Each structure stands twice: as C-alpha cells, then as structure tokens.
Amino acid sequence: MNKNYYDILGVDKNASESEIKAAFRALAHKHHPDKGGDEAKFKEINEAYQVLSDKQKRAQYDRFGSANSSFGGQGAHDGFAGYGNYNSGWQGGGFNVNYADFMRANASRHFTVHSLKKVPLLLWFLLLPFLIVIVIIVVIILIFLLFRSMRRVFSN
C-alpha cells in the first residue's frame, strides 16, 4: 500500500515548495530522534519530503502514486514487481542492464568538450598531423583565391 506523502507532511496536494519545506522542518524538528521523537515517524517524514521537494519525483508520485517505480507499483502492474523498475535496471542471466543509464546516454547526443577527454592521447597524436595538413591546405586555397581575385582586379 502506498503512503500519502501529502498527508504525512500535512499539506495540500497543490502546496508550494516553500509550504512543503516549512511543514517538513516543523515535523522533522518535532519528531527528530535526538529530541526524543519517534525514529520511524522521522524517517517517514524525511521520505515524504525527499519525494515532494524534488520536481521530477513529485510529478511521478502525483501521476503514478509512487516515486520508486515508473509503473506505480499498484493495480495491474503488481505482476511485474520481480523484474525491477526502469531506474534499477534488470538483473539476471549473467548480465545487468541499467536502462536509466542507457536512456540518459542516448538523450543527449550532442558533442561536448567532455567528449574530447574520452579520446586516448595516442589517437590525438595520430590525428594531429592530418589536422595540420588540412589547415595548411585550406590556407593555401584561400591565398590562391585571394591572389586570383586581385589579378582580375588589376588586369582590368
């Protein structure tokens, strides 16, 4: 059975981030184990705050009723409980596939400076002469075009 994090913190479903934070701080102060509060209640309050304070987790919780599973872990989806969820991957048969890493890697295919760090140093030494030759060829072509256009101007 899923917990109602809004009831745990005592806030409305449409509560703002500041209202959630204020409710968490008040309840955490009241139920903190170092101040004689109940440790289980404190952990429950902290769990509720961790979900409701994160925009992605809160949207997932509001949509599926759970922040731990992309399927919500209730109703007809209970039959898939043994297979893990999107974030944890699937383990078995001698291999481990983490779908979250796969999706994150494919979500941004743009080239970044950090991609250059992955190129081994030896490869840079092999590519550097070719890059220098290409730059020299481009410069020669530009100089040729410049002189060609100047010859046309002065010949007329």
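Just so you know, all these numbers are worked out from the coordinates, no wet-lab data involved. None of the values given here were measured: they were computed from a predicted structure. FYI the Cβ positions are ideal-geometry reconstructions off the backbone, even for glycines, and counts take in every protein chain you see.
Kirkwood analysis of region 1-48, using all unique Cα-Cα pairs, places the hydrodynamic radius at 10.9 Å.
Considering only Cα-Cα distances, which of the following residue pairs are longer than 20 Å: K21/K41; K13/K55; K30/K57; K3/K35? Write down the numbers at each step before the final one.
Values: K21/K41 17 Å; K13/K55 13 Å; K30/K57 25 Å; K3/K35 25 Å.
Flagged as over cut-off: K30/K57; K3/K35.
Each of the peptides 28-41, 135-148 was scored by the mean count of other Cβ atoms within 10 Å over its residues; in descending order, highest first, they stand as 28-41, 135-148. What's the local net charge at S53, with K and R +1, D and E -1, over the other residues with C-beta under 14 Å away? Its environment carries a net charge of 0. Using θ = phi - 60° in the Karplus curve 6.51 cos²θ - 1.76 cosθ + 1.60, the 3J(HN,Hα) couplings for region 37-50 round to x, 7, 5, 5, 5, 4, 5, 5, 5, 5, 4, 4, 5, 4 Hz; x is entered for Gly and Pro.
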